[in-house]
């Protein structure tokens, strides 16, 4: 088999799922993600996979996992830790009382994203299929977008000195594959969602579950939906 | 009483200047009579220079813009449209479990008998797109189950209560997990377990 991996997947996907056509049309998709917090075990597979798939420099994260500890009623003051982004998992939890849970974080692929609005040169943008991307060859590295993101999802790549963020594995989803983080998640806590595809199970899930986005008061149009999210999550 | 001051005499011009003014007036083809002619001349001369400067600047700007701005800029919005295709062109590292399952059907059958049916191949085996490209020469490395299993199953109070967890130090005393467990079908006494796999990851 001399075909590249994506082409191999294509053959299979084309045979099994005809809707995954190779003629990818930008206007026929609207990408988001579903994070099922009660399923997350904090194994760090997603963080490692993301780093490998997207060549993320050590110490920087396009996605990371936070461990929350909420003592009794103090939901406004949760204790949050994320040792090395959760890349090597988490040490045994010292806290056994109160509420303890993991929250995976990534770019929320906002439809009204603050980061694209502040870019002075048009180096970052929302694609017609709803993914916020960075044009590396256009980015000046001015850091406006890093400051503008209310979720702290952006950083300056020390090698290229340009802004970097989760691209929702754009090179994968346009080939009919799921993102690297969703691909490796052993519990299905992360699911890629195509909000324009009526066949996508996301619609049924959103209808039947109590789902939130992060910082809804910021009106960013975030498209990463969190199921079972505690009020203490920031 | 002080006399009313008159405005400066607009007809007071040097002979050379009035000649120059005449030629411009001819170009303009609308000679204004008397006092206004000389007044207009001065302004027109000034404006022509200004217009020339603006025209050159405009032409230079348009020419520079054509050269500098990428062709695809503005194709979809205020950004370089070609950047979308460039982002999509990146090679993949993770082949996807569908690709793995196309060849490793024996493992699929094995996984279906246990709860690891929902665990995608590359969650444990790592990125295998290179192996999928060239299965003959690129072989996935052998996994150390003592490390790989613990990533998920090491006990932690933040993990969901229903998720199977062990304190590996107490549970196996340092033995590799695959001494007892078959990683693709981890339950030890499940030979008689014929429960069909009901939950399949999307």
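Is it possible to state the helix-based mean residue ellipticity at 222 nm for chain A, with each DSSP H run of 4+ residues giving -39500 (n - 2.57), the sum divided by total residues, to the nearest 500 deg cm²/dmol? What is it?
After summing the helix terms and dividing by residue count, I get -5000 deg cm²/dmol.
Multiply the residue separation of residue B:58 and residue B:101 by 0.36 nm, subtract the distance between their alpha-carbon atoms, and state the gained length in nm to one decimal.
Length difference between fully extended and current span is 9.3 nm.
Across peptide A:171-180, what mean number of C-beta atoms from other chains lies inside 10 Å of a residue's C-beta?
Partner Cβ neighbours, averaged per residue: 5.
Over chain A, what relative contact order in percent results from Cα pairs under 8 Å that are six or more residues apart?
Values: 438 pairs, mean separation 66.3, N = 234.
After rounding, I find 28 percent.
Under a plain spin-label model, where a point goes 7 Å from the Cα along Cα-to-Cβ, how far apart in nm are residue B:118 and residue A:210?
The modelled label-to-label distance comes out at 2.1 nm.
Taking 0.36 nm per intervening residue step and subtracting the Cα-Cα distance, what contour gain separates residue A:72 from residue A:28 on full extension?
Working: separation 44, 0.36 × 44 = 15.84 nm, distance 4.56 nm.
That works out to 11.3 nm of additional length.
Taking each residue of A:83-92 in turn, how many C-beta atoms of other protein chains fall within 10 Å of its C-beta, and what is the average?
If you average over the peptide's residues, the count of other-chain Cβ atoms is 2.
For the peptides B:117-129, B:160-172, A:35-47, A:131-143, what is the packing order when you average, over each peptide's residues, the other Cβ atoms within 10 Å and list the highest mean first? Could the numbers behind the result be given before it?
Details: B:117-129: 20.8, B:160-172: 13.3, A:35-47: 24.2, A:131-143: 19.0.
Packing proxy ranking, top to bottom: A:35-47, B:117-129, A:131-143, B:160-172.
Only bridges with both residues in chain A count here: give the DSSP antiparallel percent, nearest 5.
85 percent
Go ahead and set up a Gaussian network model of chain A, Cα springs under 10 Å, then flag whichever of A:105, A:215, A:87 fluctuates most.
Residue with maximal mean-square fluctuation among A:105, A:215, A:87: A:215.
How far apart, in nm, are two points set 7 Å out from the Cα along the Cα-to-Cβ line at residue B:44 and at residue B:90?
6.4 nm
Most mobile of A:108, A:84, A:23 per a Gaussian network model of chain A (Cα springs, under 10 Å)?
A:23
Could you grab the relative contact order for the stretch A:100-234? Cα pairs under 8 Å, six or more apart, rounded to a whole percent.
Rounded, it is 23 percent for the stretch A:100-234.
Quick one: which of B:46-55, A:150-159 comes out on top by average Cβ neighbours within 10 Å, and what's the full order, highest first?
Working: B:46-55: 10.7, A:150-159: 16.9.
Per-residue Cβ counts within 10 Å, averaged per peptide and sorted highest first, yield A:150-159, B:46-55.
If you take the beta carbon distance between residue A:80 and residue A:118 as r and set R0 to 25 Å, what does 1/(1 + (r/R0)^6) give as a FRET efficiency, to the nearest 0.05?
Calculated transfer efficiency: 0.45.
When the Cα centres of the stretch B:53-74 and the stretch A:61-85 are compared, how far apart do they sit, in Å?
So the separation of the two Cα centres works out to 51 Å.
Within 10 Å of each Cβ of B:120-132, how many other protein chain Cβ atoms are there on average?
Shielding by partners across B:120-132 averages 5.
If you average the C-alpha positions of the stretch A:102-135 and of the stretch A:169-188 separately, how far apart do those two centres end up, in angstrom?
18 Å
None of the figures in this text is laboratory data; all of them are computed from the coordinates on show. Just so you know, these numbers come straight off a predicted model, no measurement behind them. With ideal geometry, Cβ positions are generated from the backbone for all residues, glycine too; neighbour counts draw on all protein chains shown.
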